[in-house]
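For reference, the structure is listed below as structure tokens.
Every number here is computed from the coordinates shown, using simple stated rules; none is lab data. Being a predicted model, the structure only gives us computed values, none of them experimental. Positions of Cβ are generated from backbone atoms using ideal geometry, with glycine treated the same way; all protein chains shown enter the neighbour counts.
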Amino acid sequence: MIEHEMNEQFHSFTHEAMTTTFEVIVDGQEREYARQASAAVFREIERINNLLNKYDAGSDIGQVNLLKAGEMVRVSIETLECLEKAIWAYHVSGGLFDPTIGTGFQLLVVDRANFSVGWKSRTGILPVAAHGLEAHATKPQLNLGGIGKGFAIDKAAEILADWDVNKAVINGGTSTALALGKEWVMGVGGPWGEKVGLTSVKLKDQALSGSGTEVKGEHIINPKTGTSAKRHLAAWAVHPSAAVSDALSTAFMMMGTEQIKQLCQANPGTIAFVVQQNESVEKIGV
């Protein structure tokens, strides 16, 4: 995603986690110091993954997914923070960002005072079938794959700050990158952007996340219909938080242009790039 030309003052390190390759690019530090700082970043990413991994029954999210309605479990402050960002994205997107893919995210209970998370009963809740999905007899299941990598990047940035590494980029695969401390040039627009001359954006202390069909195909599911997201061919989101940009790029794939404009206007610092079905590229927000 980064397009900045590398030179001798840049040091790059990679690590496999969360089914992708994370990269840290450090500017203006000695290589050994940059390596040690990057190693600390990768340890933090692994720690966050151990909290949010739905496939691990012992993780925070794994424990939440084992709960019955009315039960609560204590979780870490990081898990609470990630879930709170997910809840915010759920509401501002009109439910199109949904970590339960339409099976009942509105039933989630987050009790920050007691560091606890659980599920409400479906009593009085609009049936899932009313949203175009077959009613689920089982309880909802959390999958934070649409926000977890971005959240891990945000926490990793805090580690770099602890190490006094002020100019860096943290990449989470090809989907999310956080630019820190200076202007970095990031690729945006994909093959469609090349046709219209929109191929990059300059970011400082901002994250860029992208979602689309060109890499994984139609893998994004609309939680309201249960079918693949087809409104846009691709979408990118810019926001100071990598977790938020990660979530919004997914939501933007399903939101109408006017809805995206309203979201960007209501949340300063949010920018969208969307590729329409006719392959035109539109920038929304300032």
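Some points to look at:
- Two-site label geometry, ALA113 and ILE77: point separation in nm, points 7 Å out along Cα→Cβ: 1.8 nm
- Cβ-to-Cβ counts within 10 Å put TYR55, TYR33 in ascending order as TYR55, TYR33, the fewest first.
- Considering only trypsin sites (Lys or Arg not before Pro) in DSSP loops that have at most 10 other Cβ atoms within 10 Å, the longest stretch of the chain without any of them is 69-215.
- Taking the chain as a Gaussian network of alpha-carbon nodes connected by springs under 10 Å, the highest mean-square fluctuation of the residues PHE97, PHE151, PHE13 belongs to PHE13.
- Positive contributions from Lys and Arg (+1) and negative ones from Asp and Glu (-1), summed over other residues with Cβ under 13 Å from the Cβ of GLU282, come out at +1.
- Counted by neighbouring Cβ atoms within 10 Å, the residues PHE105, PHE252, PHE22, PHE115 run from fewest to most as PHE115, PHE105, PHE22, PHE252.
- Helix-only mean residue ellipticity at 222 nm for the chain, each DSSP H run of n ≥ 4 adding -39500 (n - 2.57), per residue, nearest 500: -9500 deg cm²/dmol
- Of the three principal axes defined by the Cα atoms of the chain, the extents in descending order read 61, 44, 31 Å.
- Two-decimal log10 I(q)/I(0) for the stretch 2-101, as the Debye equation yields it once each C-alpha is a single scatterer, q = 0.10, 0.12, 0.15 Å⁻¹: -0.43, -0.58, -0.80
- Of LEU52, LEU178, LEU108, the residue with the greatest mean-square motion in the GNM of the chain, using alpha carbon springs below 10 Å, is LEU108.
- Charge dipole magnitude, Cβ of K and R +1, D and E -1 - the chain, Cα centre, debye nearest 20: 940 debye
- With R₀ fixed at 35 Å, the C-beta to C-beta distance from THR257 to ILE87 puts the FRET efficiency at about 0.90.
- For ALA17, residues with placed amide H under 5 Å, excluding near neighbours: PHE22
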